[in-house]
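Bear in mind that the values in this text are calculations on the coordinates, not laboratory data. Here the structure is a predicted model, which means the values were calculated and not measured. Reconstructed Cβ throughout: ideal geometry from the backbone, glycine too, with neighbour counts over all protein chains shown.
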Amino acid sequence: DAKTTQPTSMDCAEGRAANLPCNHSTISGNEYVYWYRQIHSQGPQYIIHGLKNNETNEMASLIITEDRKSSTLILPHATLRDTAVYYCIVRVGRSQGNLIFGKGTKLSVKP
Amino acid sequence: GAVVSQHPSRVICKSGTSVKIECRSLDFQATTMFWYRQFPKQSLMLMATSNEGSKATYEQGVEKDKFLINHASLTLSTLTVTSAHPEDSSFYICSVRDTNVYGYTFGSGTRLTVV
């Protein structure tokens with residue numbers, strides 16, 4: 001699986017959009033970008049995933065650059081409950097193996 | 001997606017005793033489950049892959065005789081920490097690969113404290 005690079009931490013004001021970047025310059029053509037988050041003392045939660053096109057669901061939007069070397073997770077209106085560690089993971093979509101977690105980005109949403 | 005239940009959420013045990021953690025896939029038949037461990041302020045590290053009806057596959061450095069995994073049915077995997085030591089205190093999390101959404105569903109985790 002390709003390696004990802006994320007900032008260690010970010011702050012965001014409540015009600016504003018939170019934009020979390022991820023670099024994955026060695027991503028290959030059949031690898032998807034997944035985002036998970038982990039709220040303190042809970043198991044990780046799936047947010048969204050994508051291959052090439054931008055994706056949106058009820059939780060977030062995922063913007064993938066045209067060269068696929070980076071992506072941005074957007075939480076459009078961050079709330080205090082969005083404070084968590086956000087993990088960007090790149091892997092082959094139908095791979096049967098486990099998820100490999102990096103260090104992620106600690107997002108702190110402040111009032 | 002799949003619903004995964006993990007129990008207990010917290011447990012405190014004495015050194016030298018054994019603790020069993022259960023991971024149930026409530027609405028999905030999981031032939032494979034994953035067990036992770038997470039120390040404070042660190043990321044999740046895979047301990048082992050649990051395979052229904054066969055032996056688990058352990059990651060390098062994880063003692064299989066200490067962390068016993070049983071996956072006797074398609075909906076239940078258990079992790080038993082034997083002869084627990086204080087350094088086994090950690091957050092243990094199980095996961096199921098949810099083929100419906102290309103993703104993985106995680107249990108809520110078990111906070112183990114060995115005193």
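So here's what we get for this one:
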quantity: Proxy reagent accessibility, fewest Cβ within 10 Å first, across B:91, B:106; calculated: B:91, B:106
quantity: Inter-chain shielding of A:41-49 (mean C-beta neighbours from other protein chains, 10 Å cut-off); calculated: 6
quantity: Cys residues of the protein assembly as shown counted as unpaired, since no other Cys beta-carbon is under 4.7 Å; calculated: A:12, B:13
quantity: Student exercise, chain A dipole from Lys, Arg, Asp, Glu Cβ charges, in Debye to nearest 20; calculated: 220 debye
quantity: Peptide B:32-45 - average C-beta neighbours from other chains (10 Å radius); calculated: 3
quantity: Spin-label model distance (nm) - residue B:17 vs residue B:70, 7 Å beyond Cα toward Cβ; calculated: 1.9 nm
quantity: Mean Cβ neighbour count within 10 Å, used as a protection proxy, ranking B:53-64, B:35-46, B:12-23, A:34-45 highest first; calculated: A:34-45, B:35-46, B:12-23, B:53-64
quantity: Whole-number Å³ per residue for the convex hull built on Cα positions in chain B; calculated: 95 Å³
quantity: Gain in span if fully extended, residue A:103 to residue A:66, counting 0.36 nm per residue against the direct Cα distance; calculated: 10.8 nm
quantity: Cα pair distances of the protein assembly as shown binned at 5 Å [whole percent]; calculated: 1, 7, 14, 18, 18, 16, 12, 8, 4, 1, 0, 0
quantity: Diffusion constant of segment A:1-110 at 4 °C, which comes from Stokes-Einstein with the Kirkwood Cα-pair radius and 1.567 mPa s, µm²/s; calculated: 93 µm²/s
quantity: Candidates A:15, A:50, A:97: whichever shows maximal mean-square fluctuation once chain A is modelled as a Gaussian network with Cα springs under 10 Å; calculated: A:97
quantity: Candidates A:22, A:12, A:88, ranked by Gaussian network fluctuation over chain A, Cα under 10 Å, top entry; calculated: A:12
quantity: Size of charge dipole - chain B - debye, nearest 20, with Cβ of Lys, Arg +1 and Asp, Glu -1, no other charges; calculated: 240 debye
quantity: Length gained when the stretch residue B:52-residue B:115 is fully extended (0.36 nm per residue, less Cα-Cα span); calculated: 19.4 nm
quantity: Average other protein chain Cβ within 10 Å of Cβ, residues B:83-96; calculated: 1
quantity: Segment residue A:52-residue A:8, extension gain: residue separation times 0.36 nm, minus the distance between their alpha carbons; calculated: 13.3 nm
